[in-house]
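Here the structure is laid out as structure tokens; the discussion comes afterwards.
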Amino acid sequence: MILTEDKTYTISLELEDCDNTTGLSSETMELEFSSRELLHAVFTCGMPVQRLTPAYFAKRKAELLYKIFLVEAALDTEGDRLKKSKKIAYLDSSEKSVMSYYLGMFFTKLISRRLYGVDYLCHLNLIEKMNGDGFIDFFAGEWRPDMIGYCIDKDSWSVWEAKGGSNRREQALRKGRQQVEAIATVNGKSPDPAAVCMTYYERSYLCGVVRDPKPKQGEAVQFYREQFLKAYYRPVFETLLECGAGIRFEGERAEAAVALPCFTQEGKEGEERTLRFGMPKTIFRHLMEEDYGFLTEQGGGLWRELCPEGAFVGKDGIYIR
């Protein structure tokens, strides 16, 4: 798979709704998305491992290259369908599990935005505590959900557990249900939704399932919205800053470019690609000033008008082209 190709893809997605009274109901849909939309999800999806390493020059670009490599190495294409790559067959099962884990997070980012209007999705362990004393990691690692989402229009929070694997596993979905049930409220509000999202392969084709268990018990999680937005924007902004003199200011936007090697044999040997990304100058200035409270006030409408034609842009104001 070459993520930078201008293509449209489709995956089969099953939506399951379950609670203690009605049992389980489901519907199946075909979710269509562009390569730029998937790139946006990959780019803006934070990695928990980010906390392990101190800041150093080119750290963020290295993270971005690694995430794109994982997707391109793990997936092949057949028409508009994504398939499990035959290239990774020789890998150890634990190595494949790492790739599946990150694929699960990237597609949870994409699916949550498309189907549930989640404009921001951030890993729980990247959000600082309200008192500024470290990060929100008081849950036992095995029994806490992966991500917290925020929807601008509804001013609502959501809870997500991302799963990825070679096949659909009911045991993993049940465990994911327990994980999202570990949080009853986020900043005083019930999660909308609290869901498990799993990506898996069926006859080698990538598929997905979203299960919404509607939890009623669990812990209360609280943090400042500014801390959440800081955790979301900081990796993207630092990637932009690492481009240094390469940042271009055109009109009302700031843009940078990252050179991507060809990670797989599908590309030509020695050929480099260019990924262009950016944001409106308004967002850039506020990030420079570490003013994270401003960022959701405009609801994302103005951001689209300030981004280049043909680019994919989310309500976070970050665009990919």
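The values are calculated or read from the model by the stated rules, or taken from the named source; none is laboratory data. Only a predicted model underlies this, so the values are computations on that prediction, with no experimental measurement involved. Positions of Cβ are generated from backbone atoms using ideal geometry, with glycine treated the same way; all protein chains shown enter the neighbour counts. In case anyone asks, the SASA skips ligands and DNA or RNA and just uses the protein heavy atoms, side chains included. Shrake-Rupley method; radii C 1.70, N 1.55, O 1.52, S 1.80 Å.
Observations on the structure shown:
- Neighbour-limited loop hits for trypsin sites (Lys or Arg not before Pro), the range 183-240 (at most 14 other Cβ within 10 Å; DSSP other than H, G, I, E, B): Arg203, Lys216
- Area accessible to solvent at Asp155, 1.4 Å probe radius, in Å²: 70
- Long-range amide H partners of Ser156 with built H, under 5 Å: Cys151
- Taking amide hydrogens as placed 1.01 Å from N in the peptide plane, the amide H of Asn187 sits under 5 Å from those of Val221, Gln222, Phe223, each at least 5 positions away in sequence or on another chain.
- Residue pairs exceeding 31 angstrom between C-alpha atoms, taken from Lys61/Lys87; Lys129/Lys315; Lys67/Lys129; Lys86/Lys129; Lys61/Lys86; Lys83/Lys154: Lys86/Lys129; Lys83/Lys154.
- Shape summary of the chain, radius of gyration then Dmax from alpha carbon positions: 19.0, 59 Å.
- Residues whose amide H lies under 5 Å from that of Gly164, counting only those 5 or more places away or on a different chain, are Thr199; hydrogens are built 1.01 Å from N in the peptide plane.
- Note on the chain: GNM, Cα springs under 10 Å; of Asn131, Asn167, Asn187, the largest mean-square fluctuation is that of Asn131.
- Solvent accessible area, Å² - Lys315, 1.4 Å probe, full protein context: 40
- Proximal aspartates and glutamates to Lys96, defined as alpha-carbon separation beneath 17 angstrom and excluding residues fewer than eight positions away on the same chain: Glu72, Asp76, Glu202
- Count Lys and Arg as plus one, Asp and Glu as minus one, and take only other residues whose Cβ is under 12 Å from that of Ala254; the net charge is then +2.
- Restricting the range 145-228 to GluC sites (Glu not before Pro) in coil, as DSSP defines it, with at most 14 other Cβ within 10 Å: none
- Mean Cβ count within 10 Å, highest first, over the residues of peptides 243-253, 107-117, 64-74: 107-117, 64-74, 243-253
- Residue with peak Gaussian network fluctuation, the chain [Cα springs, cutoff 10 Å], from Gly164, Gly149, Gly293: Gly293
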